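J.: Got a structure for you, questions after.
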Amino acid sequence: MSKSWFIIANPIAGNGKFSKQWKEIQQVLNNKNIDYSFVFTQFSKHEIELVQNAIQQGFRNIISVGGDGTLHNIVNGVMMQRYVKSSDITIAVLPIGTGNDWIKTYNIPNNIKKAIDIISERKTILQDIGQIEIATGKISYFNNVAGLGYDGYIAKKLQELKRLGSISYLIAGIYGFLFYKKSIFKIAMNQTIIETTCLMTMVSICKFSGGGMQFSKKGDPIDGLFDITIVKNITLLDLILNIKKLYNGKIVAHPKVATYKTNKIIVDPQNSKPFIQADGELIGTGTATFSLIEKGIHFVIASD
């Protein structure tokens, strides 16, 4: 078993700045005498194959170089493989993507040198992982926030807008409110069924999504429970009047927003097949079952 780090880097992350950033990454790693091997992704979701190959070769320490999508795919590769327990794997992140929402929960800086300093300290947390099963039987995993409805619609739109950088989230959000149609969701959890007109239902392990928004009360990514946020018949005006609360987390107190805790939830749209997103990545449409896997993977985080 190798104690070396295996780096999986997404060369299209970072809005065209990857070449310069990669040179800096290598220089800092070498200066700190960190032993590593590396490989670049060559196509969509290539990370899944690469991380499984690395684990089979004996690597147990993985560095994700990219954004939330790169990390999402690496997590899926870890959870899908059967060579070792997923909790035997440690993942660190060098963030150079568009959103970088997962790192905000753990105060990992969007700075290469400081992020590598954190990796060298090797402080880790054994974080919960989410599992999603959709109607086709396909199973996906997530490490941050998933959901369906408006947020899935936004994830779809972001595929066209990511080249614009962080402002793409705002543009996609406004576009979604103009064109996304709310539908009725039947939601089953904690032996209760809720049926309501719904903008979106979000299932959170960590706090942040959508470029730094907080639709979750989540304070503990290792408590064995999802934070569920059901955004009901909220309007664009409601959000405009409460835009500050979207980023400080106080939006969960809005009368058209309801929050719950559970380790399993089934969301069944009654009159539509909305997009389902996980960590900002589209994974399907329609009905989704979310289940929590406690203590799934070790992640490197910043020291207090």
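The values are calculated or read from the model by the stated rules, or taken from the named source; none is laboratory data. All of these numbers come straight from a predicted model, not from anything done at the bench. Please note: Cβ atoms are built from the backbone with ideal geometry, for glycine as well, and neighbour counts cover all protein chains shown. Only protein heavy atoms, including side chains, enter the accessible area calculation; ligands, DNA and RNA are left aside. Shrake-Rupley method; radii C 1.70, N 1.55, O 1.52, S 1.80 Å.
J.: Mind listing whichever residues of the range 115-135 are acidic (D, E) and more than 20 Å from the chain's Cα centre (by Cα)?
T.: Those that are acidic (D, E) and more than 20 Å from the chain's Cα centre (by Cα): D117, E121.
J.: Which one of the conditions (1) assigned to a loop (DSSP other than H, G, I, E, B); (2) over 18 Å from N110 (Cα atoms) does S87 fail to meet, given that it meets all the rest?
T.: Condition (1) is where S87 drops out.
J.: Could you list, in sequence order, all residues of the range 100-117 that are of a type in the set (V, I, T) and farther than 12 Å from G66 by Cα?
T.: Correct list: T105, I108, I116.
J.: State all residues of the range 252-298 that are farther than 30 Å from T235 by Cβ, hydrophobic (A, V, I, L, M, F, W, C) and in contact with a Ser or Thr (Cβ under 6 Å, 6 or more places away or on another chain); if no residue qualifies, say none.
T.: I297, the sole residue that qualifies.
J.: If I91 satisfies every condition in (1) under 23 Å from F208 (Cα atoms); (2) open to solvent by 20 Å² or more (accessible area, probe 1.4 Å) but one, which is the exception?
T.: (2)
J.: Taking the range 22-42 only, how many residues are in a loop (DSSP other than H, G, I, E, B), open to solvent by less than 40 Å² (accessible area, probe 1.4 Å) and farther than 16 Å from S4 by Cα? Give the derivation first.
T.: Here is the first cut: in the range 22-42, the residues in a loop (DSSP other than H, G, I, E, B) are 32-35, 41-42.
Going one step further and asking which of them are open to solvent by less than 40 Å² (accessible area, probe 1.4 Å), we end up with 34, 41.
So of that shortlist, the ones also farther than 16 Å from S4 by Cα come out as 41.
Residues in the range 22-42 being in a loop (DSSP other than H, G, I, E, B), open to solvent by less than 40 Å² (accessible area, probe 1.4 Å) and farther than 16 Å from S4 by Cα: 1 in total.
J.: Which of (1) within 19 Å of the chain's Cα centre (by Cα); (2) open to solvent by less than 10 Å² (accessible area, probe 1.4 Å) is the odd one out, the single condition G286 does not satisfy?
T.: All conditions are met except number (1).
J.: Can you tell me which residue among I25, I119 is more than 30 Å from I266 (Cβ to Cβ) and in contact with a Leu (Cβ under 7 Å, 6 or more places away or on another chain)?
T.: Result of the check over I25, I119: I25.
J.: Oh, and also: Check G280 against each of (1) at pLDDT below 95; (2) on the phi < 0 side of the Ramachandran plot and name the one condition it does not meet.
T.: (2) is the only condition that G280 fails.
Okay, residues lined up against (1) farther than 26 Å from S291 by Cβ; (2) free of Cβ contacts under 8 Å to residues at least 60 places away in the same chain; (3) touching a Gly at 6+ places or on another chain (Cβ under 6 Å):
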residue: N10; (1), (2), (3): yes, no, yes
residue: N31; (1), (2), (3): yes, yes, no
residue: F38; (1), (2), (3): yes, yes, no
residue: I48; (1), (2), (3): no, yes, yes
residue: A54; (1), (2), (3): yes, yes, no
residue: I62; (1), (2), (3): no, yes, no
residue: V65; (1), (2), (3): yes, yes, no
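J.: Looking only at the range 221-271, filter to residues that are of a type in the set (G, A, S) and touching a strand residue (DSSP E or B) at 6+ places or on another chain (Cβ under 8 Å); which one of those is surrounded by the most Cβ atoms within 10 Å (Cβ to Cβ)?
T.: A258
J.: Among residues belonging to the range 218-253 that are touching an Asp or Glu at 6+ places or on another chain (Cβ under 7 Å) and of a type outside the set (G, A, S), point out the one that is farthest from G149 (Cα to Cα). Don't jump to the end; show me each part of the working.
T.: Filtering the range 218-253 down to residues touching an Asp or Glu at 6+ places or on another chain (Cβ under 7 Å) leaves 218, 221-222, 224.
Narrowing the set further to residues that are of a type outside the set (G, A, S) leaves 218, 221-222.
Numbers: K218: 20, P221: 23, I222: 26 Å.
Checking each candidate, the answer is I222.
J.: Name the pairs: first residue in the range 112-127 and more than 25 Å from V145 (Cα to Cα), second residue surrounded by fewer than 19 Cβ atoms within 10 Å (Cβ to Cβ) and among the acidic types (D, E), Cβ to Cβ under 8 Å, at least 6 apart or on different chains?
T.: K113/E24
J.: Just need a number here: residues in the range 43-56 that are open to solvent by 10 Å² or more (accessible area, probe 1.4 Å), out of contact with any helix residue (DSSP H, G or I) (no Cβ under 8 Å at 6 or more places or on another chain) and either modelled with pLDDT under 95 or hydrophobic (A, V, I, L, M, F, W, C) (or both).
T.: So the count comes out to 2.
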